[in-house]
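Only the coordinates and a few stated rules stand behind these numbers; no lab work does. Here the structure is a predicted model, which is why all the values come from computation and not from measurement. All Cβ positions, even for glycine, are placed from backbone atoms using ideal geometry, and neighbour counts span all protein chains on display.
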Amino acid sequence: MIELAAAAAVGGGIMGYKGNQAAAKAAKQTAEFNAQVAENEAVVLRRRKVSEEANMRDQSKRIIASANVATAASGIQMSGNALQAAADSYFNTGMDALKIQYAGDIEQTAKASEAALARAEGRARATGLKMASYQSLLAGGSKAASLMA
């Protein structure tokens, strides 16, 4: 009867070991999946910002062209205030483009950090589960040894 209880204790320890090892592997896989999702989102965000910048530049070109046509149609030469207004429009377009690029860089950095954090958390969780698996194995062996003594 004692041998049966000792065998059950060893079996329980082995089952705990295997279960925690499998959970550790799953934790790493889940973390890697979450990191890949964050990295894919970073690519999508970058594409969205590139598109946003291109749209803003196109819209600005249309507005500047319309202003230039209106200025020419009114007989005003492109000098003085009219020229300064056109220059300001080009400058503001450049500044707006830089703001969009900067926002994109911030989003990219945030997603890269999210991916790194997911991987780090997965490694930490996996390490904890592996330690628990070793504890299960040792506890089962210890219980079996104490039953046999």
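A few remarks follow.
- Choice from ALA103, ALA38, ALA65 with maximal GNM fluctuation in the chain (Cα, 10 Å cutoff): ALA65
- Percent RCO, i.e. relative contact order, over the chain, from Cα pairs under 8 Å lying at least 6 residues apart: 62
- On the beta carbon distance between MET148 and ASN40, with R0 = 35 Å, the FRET formula returns roughly 0.05.
- Pairs of alpha carbons in the chain whose separation is greater than 21 Å (percent): 68
- Unit charges at the beta carbon, dipole of region 2-148: most positive-side option, PHE91, THR109, GLY141: GLY141
- Under the Karplus curve 6.51 cos²θ - 1.76 cosθ + 1.60, θ = phi - 60°, whole-Hz ³J(HN,Hα) for region 90-105, x wherever Gly or Pro sits: 5, 4, 5, 4, x, 5, 4, 5, 5, 5, 5, 4, 5, 4, x, 5
- Close Lys pairs in region 4-149 (alpha-carbon distance under 26 Å; sequence gap of 8 or more, or different chains): 13.
- GNM result for the chain, Cα springs below 10 Å: residue of ILE63, ILE100, ILE14 fluctuating most strongly: ILE63
- Estimated dipole of the chain in Debye, rounded to 20 [Cβ of Lys and Arg +1, of Asp and Glu -1, Cα centre]: 440
- Against the chain, whose longest principal axis comes from its Cα atoms, helix 2-73 is set at around 0 degrees.
- Length added when fully stretched, GLU52-ALA103, from 0.36 nm per residue minus Cα-Cα: 17.3 nm
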